[in-house]
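Okay, so here's the structure we're looking at.
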Amino acid sequence: MKNLFAVFFFTLFSISAFSKDGYELWLDYPRIESSALKTEVETLFSGIYFFGQEPTQEVIRKELQIAGNKMLGKDPVFTQERLDRTRLWLGTREELAQVLGLETQMKIRNLGPEGYWRGSIDFQGKSYYAIIGNQPVGILYGVFDWLKSIQTETFDPKSEKSDAPKVKLRMLNHWDNLDRTVERGYAGFSIWDWHKLPGYIDPRYIDYARANASLGINAVSLTNVNANARILTTDFMKKAKVLADLFRPYGIKVFLTARFSAPMEIGGLKTADPLDPDVIAFWKKKTEEMYSFIPDFGGFLVKANSEGQPGPHEYGRNHAEGANMLADALAPYGGIVIWRAFVYSHEIDEDRHKQANLEFEPLDGKFRDNVIIQVKNGAIDFMPREPFHPLFGAVKNTNLGMEFQITQEYLGQATQLVYLAPMWEETLRSKTYRPTPSSMVAGIIDGSDSGQKLTLMAGVSNIGTDRNWTGHLFGQANWYAFGRQAWNPYLNSEEIAQEWIKMTFGQNPEVLSKTKEIMLESREAAVNYMNPLGLHHIMGRSHHYGPAPWVEGGRADWTSLYYHRADSLGIGFDRTATGSNALGQYAHEISQVWSDPNQIPEKHLLWFHHLPWDFELKSGNTLWEGIGLHYDQGVKTAREMKSQWDSLQGQIDPERFSHVSQLLAIQVQEAEWWRNACLLYFQTFAKRPFPTEIEQPQGDLEYFKSLDFPFAPGIRPRW
């Protein structure tokens, strides 16, 4: 027995000493394996000189200490002597003006306030490596990029690199409630401990800021868009101030969600009418107070007149009047209103796909310059695949921002590995044909096609109190990818995956190859076993976990039947001119082609067409056969992903390997569940046998219908 305990404690110590739990994210900074690279890096770390001393440069110093200890096993040397013992220079363009040539100065200047340049500088017969920004935050971004190049073994001290963000506001939207529950959160509770703030500062807040700054994320909305007016009270302003002060050196501005009815709920008024003088005065006073606590407060994010949230429509006013009232209060301080375009209501008896355009297109040009309309990537609600939102291209004189969902509400939540960058890339590279024939969604978002100066890409956060931050380890890849694509919407999702894998798991070629294959296959696999060929919104009611194409009753556009419209004749939603004509909201070049079921990309087929079960697909299969083949292929790919990962046992640390392996086993089960439940249900309408080529669906449809999930995460319990 004594020996047994000795073995147990030795094993426990061994695991804890070498285990990795994912907390470090992509900033783990493993020991440098290449001797040549190690020599180069050691040389630079042996003499680091800061040309300035301010808060952002202080956080850079701390980051270099963390990196030096982890990558080299020793502290970096920070010197006060600029020339004799220095190897690495860090400073702003103005601070280094005397040692930079005019050509280099102009090159850096053109990068803008957040851009950076890094490379070799020859001065007085010696060579120095320099990381330079126009502002201190540019230095910070340059340092993180340099550390990334070391982690990915791509650093070349002889080459130079410059970069700058293409999108001005790169923002995380936390759907965190003040009671620490997280709407559509699958990684534990909110990391914001409002009860202990402002007195207690969780060290996790700093690690959160480090991670975001390493990606160039420069804004964060702390609270749920289904807002609580209390966040705008003085007590909570004091709490938010602590976070704003912590995040400021990392280049991150704090935004808060504003409940439109706050004048009534915390201001004692009888109305929230945006044209009422007392309401206008309330918001001006509240905004003035906010800036007294947070001088660089970013502004308000607003969800109004959607899903029961209060808004200007209740007073006969439109979205522009509501947004402009807040914008006027923020304008003297440089603040911004982000007004969400996710609006639909009982009052408008239209296809939900159409409602945002119906409400916002007539208001084009009527919003203040400091208002951004935040538009989801698709018109329904973060489906596994959606055509791009028709507002992109339809609106010409209003600032539009993108809203992606990093948390996997409709994509397996935190039990499934689904790498989202290919989905976002698909949206960003979609051609809108407006305002020019070559325009893409990315060009509207970054202003290169739209001409807008105030640009935004927002992502609904997947972060919580779980030790690894995101519940599923690979959820970290989606946080990472969002930051990279917000910085540059034209980046390739495969290259982003490769970066993340190297920074997370190291340089092993087999690990890199197999993990990248898993990641790049995962999104299409999920679409296949969930919503193939343009099917959408057929998940469980409310919790959105698992398949439920049979959901009916209550509000029509919250049911599955509203969207798939399966009957004895066929399946799909007719959004052509013979149906809801949502297709008419897109450019003529799109609507003309997509109106033809034989020309539309088949990935969007049932999104826009109700077609017979025997409609012939491009493959020669009938629609019914094609649906079955897609569902089955999704299951097969999920199994392949599990097999590929399991083949890496021994090449990845045991803790993270086991974590992912167990979740992939769940993913396979859930993929089979989706396939079996959906095909058994749709067969009741199709009245046709399953294709012989597929694994025949198993189970009892009534059993699948009876499943209930009162403890599903992501919503407040209703039991």
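Where nothing but the Cβ of Lys and Arg (+1) and of Asp and Glu (-1) is charged, how large is the charge dipole of segment 591-719 around its Cα centre, in debye to the nearest 20?
It comes to approximately 340 debye.
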Test of understanding: express the Cα radius of gyration of segment 176-224 as a ratio to 2.2 N^0.38 Å, with N the residue count.
1.19
Could I get the Rg over Rh figure for segment 288-358? Both from C-alpha atoms, Rh via Kirkwood, rounded to two places.
1.06
Taking the Cα atoms of segment 640-706, report the difference between the largest and smallest coordinate on each principal axis, in whole Å and largest first.
49, 29, 12
Quick one: putting +1 on the C-beta of Lys and Arg, -1 on the C-beta of Asp and Glu, what dipole do you get for segment 422-534 around its Cα centre, in Debye to the nearest 20?
260
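Could you tell me what percent of the DSSP beta bridges with both partners in the chain are antiparallel, to the nearest 5?
Of all bridge pairs located within the chain, approximately 30 percent are antiparallel.
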Too long at a 24 Å Cα-Cα cut-off: which of K62/K241; K107/K502; K70/K126?
K107/K502; K70/K126
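So if the hydrodynamic radius of segment 204-339 is defined as the Kirkwood radius over C-alpha pairs, what does Stokes-Einstein give as its diffusion coefficient at 4 °C and 1.567 mPa s, in µm² per second? Mind dumping the intermediate values first?
Working: Rh = 15.2 Å.
Calculated translational D: 85 µm²/s.
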Can you pull the percent of the chain's accessible area that's carbon plus sulfur, 1.4 Å probe, other chains left in place?
51
Using the reciprocal of the averaged 1/r over all distinct C-alpha pairs, how large is the Kirkwood radius of segment 56-207 in Å?
18.0
Zone reached by a paramagnetic label modelled 7 Å from L512 Cα along Cα→Cβ, restricted to segment 108-151 with backbone N below 18 Å, covers 146-151
So for the chain, averaging the separation of alpha carbon pairs under 8 Å that are six or more residues apart and normalising by length, what relative contact order in percent results?
12
Take the Cα coordinates of segment 541-607, assign each an equal point scatterer, and use the Debye formula without solvent to give log10 I(q)/I(0) at q = 0.14, 0.22, 0.25 Å⁻¹.
-0.52, -0.98, -1.09
From the C-alpha coordinates alone, can you work out the Kirkwood hydrodynamic radius of segment 65-111, in Å?
12.9
Could you give the DSSP H helices of the chain that reach 30 angstrom or more along their long axis (alpha carbon positions) and whose average Kyte-Doolittle hydropathy is no lower than -0.5?
509-530, 654-686
For segment 356-449, go through all pairs of different Cα atoms, get the mean of 1/r, take its inverse, and jot down that Kirkwood value in Å.
14.0
Computed over segment 550-700, the Cα gyration tensor eigenvalues, each multiplied by 5 and square-rooted, give semi-axes in Å (largest first) of 34, 19, 17
For the chain, whose charge dipole is built from +1 on Lys and Arg Cβ atoms and -1 on Asp and Glu Cβ atoms, the candidate among W607, G311, V593 with its Cα farthest towards the positive end is G311
Could you tell me, in Å, what Rg and Dmax come out for the Cα atoms of segment 463-601?
19.7, 55
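Can you give me the orientation-averaged projected area of the convex hull built on the Cα atoms of segment 85-169, in nm²?
Reported value for the Cα convex hull: 5.9 nm².
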Per residue Cα convex hull volume in Å³ - calculated over segment 269-395
124
Quick one: which residues, 5+ away or cross-chain, put their amide H under 5 Å from the amide H of G299? H built at 1.01 Å from N.
L256, I336
Length gained when the stretch N598-S647 is fully extended (0.36 nm per residue, less Cα-Cα span)
13.5 nm
Are there GluC sites (Glu not before Pro) in segment 319-365 that DSSP marks as loop and that have at most 10 other Cβ atoms within 10 Å, and which are they?
E347
So, in nm, how far is label E81 from label I206 when the simple model puts each one 7 Å beyond its Cα toward the Cβ?
3.1
FRET efficiency, T684 to E153 (Cβ-Cβ, R0 60 Å, nearest 0.05):
0.60
Which value at 222 nm does the chain reach when only helices count, each DSSP H run of 4 or more adding -39,500 (n - 2.57), with the total divided by all residues and rounded to the nearest 500 deg cm²/dmol?
-12000 deg cm²/dmol
Kirkwood-based Rg over Rh for segment 21-144 (C-alpha set), two decimals?
0.97
Sort all Cα-Cα distances of segment 450-541 into consecutive 5 angstrom bins from zero, then give the percent of pairs in each bin up to the one containing the longest distance.
2, 11, 16, 18, 21, 17, 9, 5, 1
XL table K431/K453; K166/K516; K636/K687; K148/K196; K168/K196; K20/K514; Cα-Cα > 31 Å flagged, in table order, is K148/K196; K168/K196
Starting from the Cα coordinates of the chain, work out the convex hull volume and express it per residue in Å³.
187
What's the magnitude of the charge dipole for the chain around its Cα centre, counting Lys and Arg as +1 and Asp and Glu as -1 at the beta-carbon? Answer in Debye, nearest 20.
1360
Segment 371-510, convex hull of Cα, quarter of hull surface, nm² -> 9.1
Under 37 °C and 0.692 mPa s, how fast does segment 373-416 diffuse according to Stokes-Einstein, given a Kirkwood radius computed over C-alpha pairs? Answer in µm²/s, whole number.
286
Per DSSP, the loop-located trypsin sites (Lys or Arg not before Pro) within segment 407-479 having at most 13 other beta carbons within 10 Å are K453, R467
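The values are calculated or read from the model by the stated rules, or taken from the named source; none is laboratory data. Predicted model only: the values in this text are computed from it and were never measured. Please note: Cβ atoms are built from the backbone with ideal geometry, for glycine as well, and neighbour counts cover all protein chains shown. Quick note on the areas: whole protein, heavy atoms, side chains included, nothing else; ligands and nucleic acids left out. Shrake-Rupley method; radii C 1.70, N 1.55, O 1.52, S 1.80 Å.
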